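The values are calculated or read from the model by the stated rules, or taken from the named source; none is laboratory data. It should be emphasised that the depicted structure is a prediction, and the values quoted were computed from it without experimental measurement. All Cβ positions, glycine included, derive from the backbone under ideal geometry; neighbour counts span all protein chains shown. Side chains included, ligands, DNA and RNA excluded: accessible areas come from the protein's heavy atoms. Shrake-Rupley method; radii C 1.70, N 1.55, O 1.52, S 1.80 Å.
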Amino acid sequence: MLEHLRLLSRYNQWMNDKLYNTAAQLPADELARDRGAFFGSLLGTLNHIIVADIIWLQRFSEHPAQHPALDPIRAMSKPLALAQTLLDDFTALSAERRNLDATIISWCEQLDASDLNHKLAYHNMKGEPAIKNFASLMLHFFNHQTHHRGQATTLLSQQGLDVGVTDLLALVASK
(Lines give C-alpha, C1' and ligand atoms only; values in the text may rest on other atoms or scores of the structure.)
Protein backbone atom coordinates (compact mmCIF):
# COMPACT_ATOMS: atom_id res chain seq x y z
CA MET A 1 0.00 0.00 0.00
CA LEU A 2 2.79 2.41 0.86
CA GLU A 3 4.39 2.06 -2.58
CA HIS A 4 0.99 2.53 -4.23
CA LEU A 5 0.45 5.77 -2.32
CA ARG A 6 3.89 7.01 -3.30
CA LEU A 7 3.11 6.18 -6.92
CA LEU A 8 -0.15 8.13 -6.64
CA SER A 9 1.75 11.12 -5.22
CA ARG A 10 4.06 11.11 -8.25
CA TYR A 11 1.09 10.64 -10.60
CA ASN A 12 -0.63 13.58 -8.93
CA GLN A 13 2.38 15.83 -9.57
CA TRP A 14 2.86 14.59 -13.13
CA MET A 15 -0.79 15.16 -14.04
CA ASN A 16 -0.96 18.55 -12.37
CA ASP A 17 2.12 19.65 -14.30
CA LYS A 18 0.47 18.54 -17.56
CA LEU A 19 -2.85 20.12 -16.64
CA TYR A 20 -1.40 23.47 -15.58
CA ASN A 21 0.98 23.64 -18.55
CA THR A 22 -1.97 23.10 -20.88
CA ALA A 23 -4.25 25.54 -19.03
CA ALA A 24 -1.51 28.20 -19.20
CA GLN A 25 -2.24 28.47 -22.92
CA LEU A 26 -5.60 30.11 -22.15
CA PRO A 27 -5.98 33.82 -21.38
CA ALA A 28 -7.18 34.78 -17.90
CA ASP A 29 -10.75 35.54 -19.03
CA GLU A 30 -11.08 32.07 -20.58
CA LEU A 31 -9.72 30.40 -17.43
CA ALA A 32 -12.33 32.25 -15.37
CA ARG A 33 -15.27 31.85 -17.78
CA ASP A 34 -18.17 29.89 -16.27
CA ARG A 35 -18.54 26.79 -18.40
CA GLY A 36 -21.26 25.09 -16.37
CA ALA A 37 -18.85 22.77 -14.57
CA PHE A 38 -19.56 21.85 -10.95
CA PHE A 39 -17.22 24.64 -9.81
CA GLY A 40 -18.10 26.85 -12.77
CA SER A 41 -14.87 27.60 -14.56
CA LEU A 42 -11.55 25.89 -15.07
CA LEU A 43 -10.09 28.31 -12.52
CA GLY A 44 -12.88 27.40 -10.09
CA THR A 45 -12.21 23.69 -10.57
CA LEU A 46 -8.45 24.09 -10.05
CA ASN A 47 -9.10 26.18 -6.93
CA HIS A 48 -11.44 23.50 -5.59
CA ILE A 49 -8.78 20.81 -5.97
CA ILE A 50 -6.31 22.94 -4.02
CA VAL A 51 -8.90 23.78 -1.35
CA ALA A 52 -9.78 20.11 -0.89
CA ASP A 53 -6.09 19.15 -0.83
CA ILE A 54 -5.40 21.68 1.93
CA ILE A 55 -8.41 20.51 3.94
CA TRP A 56 -7.34 16.86 3.71
CA LEU A 57 -3.65 17.60 4.31
CA GLN A 58 -4.57 19.57 7.42
CA ARG A 59 -6.57 16.59 8.63
CA PHE A 60 -3.69 14.24 7.80
CA SER A 61 -1.31 16.55 9.65
CA GLU A 62 -3.07 15.58 12.89
CA HIS A 63 -1.72 12.02 12.60
CA PRO A 64 0.17 11.11 15.79
CA ALA A 65 3.40 10.73 13.76
CA GLN A 66 3.30 14.50 13.07
CA HIS A 67 5.10 14.09 9.73
CA PRO A 68 7.47 17.08 9.33
CA ALA A 69 6.63 17.46 5.62
CA LEU A 70 3.19 18.67 6.70
CA ASP A 71 4.52 21.46 8.95
CA PRO A 72 3.78 24.14 6.29
CA ILE A 73 0.24 22.78 5.95
CA ARG A 74 -0.37 23.03 9.68
CA ALA A 75 0.52 26.74 9.45
CA MET A 76 -2.00 27.47 6.67
CA SER A 77 -5.40 29.02 7.24
CA LYS A 78 -8.24 26.53 6.99
CA PRO A 79 -10.32 27.00 3.83
CA LEU A 80 -13.85 28.14 4.62
CA ALA A 81 -15.74 26.47 1.77
CA LEU A 82 -15.17 23.83 -0.90
CA ALA A 83 -15.95 26.38 -3.62
CA GLN A 84 -13.64 29.03 -2.12
CA THR A 85 -11.42 30.87 -4.57
CA LEU A 86 -8.04 30.94 -2.86
CA LEU A 87 -6.22 32.48 -5.80
CA ASP A 88 -7.70 34.10 -8.90
CA ASP A 89 -4.29 34.71 -10.46
CA PHE A 90 -3.29 31.65 -12.51
CA THR A 91 0.46 32.16 -11.98
CA ALA A 92 0.01 32.25 -8.20
CA LEU A 93 -2.36 29.26 -8.35
CA SER A 94 0.23 27.31 -10.37
CA ALA A 95 2.93 28.10 -7.82
CA GLU A 96 0.68 26.97 -4.97
CA ARG A 97 -0.08 23.75 -6.85
CA ARG A 98 3.63 23.02 -7.35
CA ASN A 99 4.30 23.65 -3.64
CA LEU A 100 1.46 21.38 -2.57
CA ASP A 101 2.55 18.62 -4.93
CA ALA A 102 6.12 18.75 -3.60
CA THR A 103 4.75 18.60 -0.05
CA ILE A 104 2.55 15.62 -0.89
CA ILE A 105 5.48 13.70 -2.37
CA SER A 106 7.73 14.50 0.61
CA TRP A 107 4.98 13.50 3.03
CA CYS A 108 4.36 10.19 1.26
CA GLU A 109 8.08 9.47 1.42
CA GLN A 110 7.99 10.06 5.20
CA LEU A 111 5.11 7.66 5.77
CA ASP A 112 5.78 4.36 7.44
CA ALA A 113 3.60 1.31 6.79
CA SER A 114 2.44 1.42 10.42
CA ASP A 115 1.06 4.95 9.83
CA LEU A 116 -1.52 3.59 7.42
CA ASN A 117 -3.46 1.59 10.02
CA HIS A 118 -4.25 4.65 12.14
CA LYS A 119 -7.91 5.60 12.62
CA LEU A 120 -8.09 9.32 11.89
CA ALA A 121 -10.74 11.35 13.69
CA TYR A 122 -11.82 14.53 11.90
CA HIS A 123 -14.83 16.74 11.20
CA ASN A 124 -16.17 17.29 7.69
CA MET A 125 -16.97 20.74 6.33
CA LYS A 126 -20.44 20.54 7.89
CA GLY A 127 -18.86 19.89 11.29
CA GLU A 128 -19.93 16.25 11.41
CA PRO A 129 -17.46 13.94 13.16
CA ALA A 130 -15.93 10.91 11.46
CA ILE A 131 -13.32 8.28 12.22
CA LYS A 132 -11.85 6.42 9.26
CA ASN A 133 -8.84 4.35 8.29
CA PHE A 134 -5.90 6.57 7.33
CA ALA A 135 -4.90 4.55 4.25
CA SER A 136 -8.48 4.60 2.95
CA LEU A 137 -8.66 8.35 3.44
CA MET A 138 -5.44 8.75 1.49
CA LEU A 139 -6.93 6.74 -1.38
CA HIS A 140 -9.95 9.06 -1.30
CA PHE A 141 -7.60 12.07 -1.33
CA PHE A 142 -5.88 10.93 -4.52
CA ASN A 143 -9.11 9.72 -6.13
CA HIS A 144 -10.75 13.11 -5.50
CA GLN A 145 -7.92 14.86 -7.33
CA THR A 146 -8.23 12.47 -10.28
CA HIS A 147 -11.99 12.99 -10.44
CA HIS A 148 -11.74 16.77 -10.68
CA ARG A 149 -8.73 16.72 -12.99
CA GLY A 150 -10.95 14.69 -15.33
CA GLN A 151 -13.42 17.56 -15.28
CA ALA A 152 -10.61 20.04 -15.91
CA THR A 153 -9.26 18.07 -18.87
CA THR A 154 -12.77 18.02 -20.33
CA LEU A 155 -12.99 21.81 -20.01
CA LEU A 156 -9.61 22.12 -21.74
CA SER A 157 -10.66 19.69 -24.47
CA GLN A 158 -13.74 21.82 -25.11
CA GLN A 159 -11.31 24.69 -25.79
CA GLY A 160 -9.37 22.58 -28.29
CA LEU A 161 -6.48 21.87 -25.90
CA ASP A 162 -5.17 18.35 -25.32
CA VAL A 163 -3.45 17.46 -22.05
CA GLY A 164 -2.07 14.30 -23.61
CA VAL A 165 -1.71 10.93 -21.94
CA THR A 166 -3.37 10.87 -18.54
CA ASP A 167 -3.18 7.18 -17.67
CA LEU A 168 -1.47 6.12 -14.46
CA LEU A 169 -0.13 3.26 -16.55
CA ALA A 170 2.38 5.71 -18.07
CA LEU A 171 4.14 5.89 -14.67
CA VAL A 172 3.89 2.22 -13.71
CA ALA A 173 7.34 0.63 -13.95
CA SER A 174 7.63 -2.61 -15.88
CA LYS A 175 9.27 -5.54 -14.18
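Key figures
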| read-out | value |
| --- | --- |
| Where F134 falls short, out of the listed (1) of a type outside the set (A, V, I, L, M); (2) open to solvent by less than 30 Å² (accessible area, probe 1.4 Å); (3) out of contact with any strand residue (DSSP E or B) (no Cβ under 6 Å at 6 or more places or on another chain) | (3) |
| Test result for L120, in contact (Cβ under 8 Å) with a residue 60 or more places away in the chain, assigned to a strand (DSSP E or B), within 24 Å of P68 (Cβ to Cβ) and not aromatic (F, W, Y) | yes |
| Cβ-Cβ under 7 Å pairs, at least 6 apart or on other chains, segment 137-154 side under 14 Å from L43 (Cα atoms), far side among the polar types (S, T, N, Q) | H148/T45; Q151/T45; A152/T45; T153/T166 |
| Selection within segment 97-114 - part of a helix (DSSP H, G or I) and either surrounded by fewer than 18 Cβ atoms within 10 Å (Cβ to Cβ) or hydroxyl-bearing (S, T, Y) (or both) | R98, N99, A102, T103, I105, S106, E109, Q110, A113, S114 |
| Residue count for segment 142-175, restricted to those that are open to solvent by 70 Å² or more (accessible area, probe 1.4 Å) and of a type in the set (A, V, I, L, M) | 4 |
